[in-house]
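See below for the structure under consideration.
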Amino acid sequence: MEFKNRRMLVVVSGLLWGLCSSFSAVASSLEIDSDCTDHTRVAVSLGAVSEFLASPDTEVRRATPDEVIAEANARGDRAMASGAYSRPWFIVKVGIGMPNLVSAHLEVFVADNISVEVGAGAGLLPSVYEASIRWRPEATCFGCHGKNFFSIGFGIDPGVYGTPNHTGVVILGTVDATYIHRFAEHFGFFVSTKAGIGVGKEFGNTSEDWSSRVEPTIKLELLNIGLAI
């Protein structure tokens, strides 16, 4: 948010900060370290801040992520610039790999670090319909609230494929590396690669040797590209 009166401009985005002053919350007071004078530090009560915000000379609005980033870059504050954007809502992507020579998927973020995915592909196997639930821990997510998002994610990917004679079921553990460059908070270019290993089994009218056992299965998505919204 942006708080403005005749003498002060303050922007809030997770932390309080301003063009001439930096702020930090301390218990029931707010500490102001001014850069506009001789680095004078004063402490004011939150009641005084509330009174300031209630003043008819004070305007309040929510700062846009681009405004926060521009001001943070001007101040050289990379940490603040990296915290301006939320995670994408969803990602639409197409890819090439093996055993799916071509595929298309939709990934939806259901929580800050959790996404679910559905898709289909075709290639070395008959048409494959697959899903995934993915975890992107903060420890392997770099710039995930900034314009340049890079994440290593971990998932469980079940899938089914079939022909008129048989049906196959696979389940794999996968790891992916994802990069997003955002042109706006919810519009960006997406690229990723993914690999996984698991097991598969066929059912139906097929050879007894194959249907009687579980076989190892691998999956490789060499390149996925798409849009992050």
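The values are calculated or read from the model by the stated rules, or taken from the named source; none is laboratory data. Values in this document were obtained by computation on a predicted structure and should not be read as measured data. Virtual Cβ from ideal backbone geometry, glycine too; neighbours counted across all protein chains shown.
Looking only at the stretch 158-191, which residues are among the acidic types (Asp, Glu) and over 18 Å from Pro137 (Cβ atoms)? Steps first, answer last, please.
Keep residues of the stretch 158-191 that are among the acidic types (Asp, Glu), which gives 176, 185.
Hit for the stretch 158-191 is Glu185, nothing else.
Residue check: is Val191 farther than 30 Å from Ser86 by Cβ and either loosely packed, with under 15 Cβ neighbours inside 10 Å or assigned by TED's automatic domain parsing to the domain that holds Asp112 (or both)? Steps first, answer last, please.
Numbers: farther than 30 Å from Ser86 by Cβ: no; either loosely packed, with under 15 Cβ neighbours inside 10 Å or assigned by TED's automatic domain parsing to the domain that holds Asp112 (or both): yes.
Against the criterion (farther than 30 Å from Ser86 by Cβ and either loosely packed, with under 15 Cβ neighbours inside 10 Å or assigned by TED's automatic domain parsing to the domain that holds Asp112 (or both)), Val191 does not qualify.
So how many residues does the stretch 107-157 have that are touching a Lys or Arg at 6+ places or on another chain (Cβ under 9 Å), in a loop (DSSP other than H, G, I, E, B) and among the small types (Gly, Ala, Ser)?
2
Out of (1) over 23 Å from the mean Cα position of the chain (by Cα); (2) on the phi < 0 side of the Ramachandran plot; (3) not polar (S, T, N, Q), what's the single condition that is false for Asp176?
Answer for Asp176: the failing condition is (1).
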